[in-house]
Amino acid sequence: MIGRLTGIILEKQPPYLLIDVNGVGYECQAPMNTFYHLPEDSNHSVVLHTHLAISENAHTLFAFFSMEERKLFRELIKVNGVGPKLALAILSAMNVVEFVHHIHQEEASTLVKIPGVGKKTAERLIIEMKDRLKDWQVPQDNRSVATSTPDSFTAGGQANIQEAISGLVALGYKPAEASKAISRLDDDSLPAATLIRLALKNMM
């Protein structure tokens with residue numbers, strides 16, 4: 001089991017990351033809340049907590065900025081009907097504190113806004129996760145992860161827009177829905193991760 005990576009960011013294309021660890025490139029999938037913590041430019045050192053999912057067809061490495069995020073991911077994939085892809089979508093739509101809050105408040109109407117989460121899945125998440133999360137203690141700074149906006153932006157234009165749309169599609173949104181959500185922001189100067197963050201916030 002690969003539990004942690006310390007290396008250099010080579011590529012970022014949400015939800016995919018390529019991390020160079022002593023000359024070996026590890027391709028990972030990460031939720032958007034992890035991307036929001038990463039440096040805007042590549043070639044920066046980073047420490048990520050990982051989970052290796054093994055199936056008949058692939059070995060997939062998932063990466064998380066915090067141990068709490070990885071812990072919640074592992075709890076989510078224990079829920080009947082929730083696989084790694086859906087767990088990634090959930091952790092992209094909201095941070096750990098927000099998810100715990102929605103579960104405790106039994107807010108199924110919020111959970112169903114996540115792509116892939118229907119009414120039955122939302123109800124199952126609440127039933128199965130409520131007791132597991134009742135004693136969770138998470139860092140206070142997690143509250144701002146999904147809603148804060150960086151102080152500075154870099155220009156990227158159309159490339160950032162296309163990357164943001166591709167990121168939303170990879171998280172389960174339909175292409176037309178993703179394109180519409182990004183176009184509503186009306187600002188192509190923002191980094192792709194910021195565009196995705198704002199689009200997800202609006203859709204939620």
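Bear in mind that the values in this text are calculations on the coordinates, not laboratory data. Fair warning: this is a prediction, and the values are worked out from it, not measured in the lab. A quick note on method: Cβ atoms are made from the backbone with ideal geometry, for glycine too, and the neighbour counts reach across all protein chains shown.
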Could you work out the helix-only [θ] at 222 nm for the chain, with each DSSP H run of four or more residues adding -39,500 (n - 2.57) and the total divided by the number of residues, to the nearest 500 deg cm²/dmol? -11500 deg cm²/dmol
Can you check what the net charge comes to around residue 49, using other residues whose Cβ is under 11 Å from the Cβ of residue 49 (Lys, Arg +1; Asp, Glu -1)? +2
Where does the Debye-calculated log10 I(q)/I(0) of region 72-115 sit at q = 0.19, 0.29, 0.33 Å⁻¹, using only Cα point scatterers of equal weight, no solvent? -0.53, -1.23, -1.38
Longest DSSP-loop-exposure-free segment, trypsin sites (Lys or Arg not before Pro), the chain, at most 12 other Cβ within 10 Å: 1-77
Using only the Cα atoms of the chain, build the gyration tensor, take square roots of its eigenvalues as a ≥ b ≥ c, and label the shape rounded, prolate or oblate: rounded if a/c is under 1.5, else prolate if a/b is larger than b/c, else oblate. oblate
If the cut-off is 21 Å between C-alpha atoms, which lysines fall inside it for residue 120, apart from same-chain ones fewer than 8 positions away? 78, 85, 130, 174
